[in-house]
1. Over the stretch 12-126, what per residue volume does the convex hull of the Cα atoms give, in whole Å³?
2. Taking 7 Å along the Cα-to-C-beta vector as the label spot, tell me the Glu108-Thr26 distance in nanometres, rounded to one decimal.
3. Starting from the Cα of Asn120, step 7 Å along the direction of its Cβ; do the same at Tyr67; then give the gap between the two resulting points in nm.
4. Are there any trypsin sites (Lys or Arg not before Pro) in the stretch 27-90 that are in a DSSP loop and have at most 11 other Cβ atoms within 10 Å? List them by number.
5. For each pair in Lys20/Lys104; Lys36/Lys104; Lys27/Lys104; Lys36/Lys76, compute the distance between the two Cα atoms and list the pairs where it is over 26 Å.
Amino acid sequence: MSFLGTLFSGGSDAESIFQKAFEEETKYNNFEKALKLYEKAAKQGLAKAQYYCGFMYLKGRGIRRDYEKALELVEKSAHQNYPHGQFLLAQMYLSGEGVVKNEKLGNEWMEKFNAHKLPNGVVLHFHNY
């Protein structure tokens, strides 16, 4: 998308791709298409797309589970200070899901998430399946 296209669209290309992916996932339950779109936005560096994509790899939604890819994407999101990525990464380390269980790392990521001071239930609202 050109600079003028971005300027007049009201958002970035990655954001519009993310919105299409989110609609495919939540409105149409088309996980395969959603994943492809999330991946496209994630490659452009959009933290929330990295999180959603990582979650889908972690849970096997629209694709076979791939813990290595899930960890890679969730870490990218968390390192960009995206709260949901930090929460999911903390949960992965605390539970040992897709990674070697590491309470120290899990607690460190949970502290980073808690520093955002989000209202209770915000993270669980997004992906509680």
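1. In the stretch 12-126, the Cα convex hull volume per residue is 94 Å³.
2. Label at Glu108, label at Thr26, 3.3 nm between them.
3. 3.3 nm
4. Working: sites: Lys27, Lys33, Lys36, Lys40, Lys43, Lys48, Lys59, Arg61, Arg64, Arg65, Lys69, Lys76; in loops: Lys27, Arg61, Arg64, Arg65.
Hits after loop and neighbour filter: Lys27, Arg64.
5. Details: Lys20/Lys104 37 Å; Lys36/Lys104 33 Å; Lys27/Lys104 38 Å; Lys36/Lys76 17 Å.
Lys20/Lys104; Lys36/Lys104; Lys27/Lys104, as the Cα separations exceed 26 Å there.
Where a number appears in this text, it was derived from the coordinates with a stated rule and is not lab data. None of these values were measured; they are calculated from a predicted model. Please note: Cβ atoms are built from the backbone with ideal geometry, for glycine as well, and neighbour counts cover all protein chains shown.
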